[in-house]
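K.L.:
Sharing a structure here in structure tokens format.
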Amino acid sequence: MLRYALLILTLCISSCSNRNPDAPTSSSIDPSDTLAHDRMIGGLLVKGKVIDNQTRCSHYHTELDIIAIKFKCCDTYYPCYSCHAESTDHKPLTWDSVEWNKKAILCGACGLELSVQEYMDSNNTCTRCQSSFNPNCKKHYDLYFTMTE
Ligand SMILES: [Zn+2]
Ligand SMILES: [Zn+2]
Ligand SMILES: [Zn+2]
């Protein structure tokens, strides 16, 4: 009986000590977590500092940051260029417009892969699940795609 009581007590202590009172209850996102966390999202490996199951990373983690981009140089999905830079030791290559028919954008909400062209034409909305993508990614297109104009 005493041993049983001790077991309960031990369980209680370990579960209580794991609880962080400052953590938001609705989400498990911790932007201060800068460790590399490769994850399988939509059946695909997303590398970098991924912090949730919708491709948010330690750099970009707003409500709308739910896409990963496949980098041409290493044929690997990363949530953002910073994740790529911090996880590799090579310069990123961008997708030329003749390659924009290739699937290189992953919707973290539903796991759909879009081609670069489909993504460009999507008006920042997933063509399958209608989730909104961050329109500010447009500012960084030249980091991922070869922009001619
Ligand atoms: Zn690369
Ligand atoms: Zn990142
Ligand atoms: Zn989607």
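K.L.:
If I model a spin label as a point 7 Å beyond the Cα along the Cα-Cβ vector, how far apart are those points for Cys110 and Arg128 in nm?
P.N.:
0.7 nm
K.L.:
What distance in nm lies between label points placed 7 Å from Cα along the C-beta direction at Asp121 and Asn101?
P.N.:
For Asp121 paired with Asn101, the spin-label model returns 1.2 nm.
K.L.:
Any chance you could run the full-extension gain for Thr146 through Ser82? It's 0.36 nm times the residue separation minus the Cα-Cα distance, nm to one decimal.
P.N.:
Value of the extension gain: 21.3 nm.
K.L.:
Taking the alpha-carbon distance from Lys47 and a cut-off under 21 Å, which lysines remain once sequence neighbours fewer than 8 residues away in the same chain are dropped?
P.N.:
Lys70, Lys72, Lys91, Lys102, Lys103
K.L.:
Shape verdict for the range 58-143, please, from the Cα gyration tensor: rounded (a/c under 1.5), prolate (a/b greater than b/c) or oblate.
P.N.:
oblate
K.L.:
Next question. Under the definition of Cα pairs under 8 Å and six or more residues apart, what whole-number percent is the relative contact order of the range 35-144?
P.N.:
The normalised contact order for the range 35-144 reaches 22 percent.
Every number here is computed from the coordinates shown, using simple stated rules; none is lab data. Here the structure is a predicted model, which means the values were calculated and not measured. Heads up, the Cβs are rebuilt from the backbone with ideal geometry, glycines too, and the neighbour counts pull from every protein chain shown.
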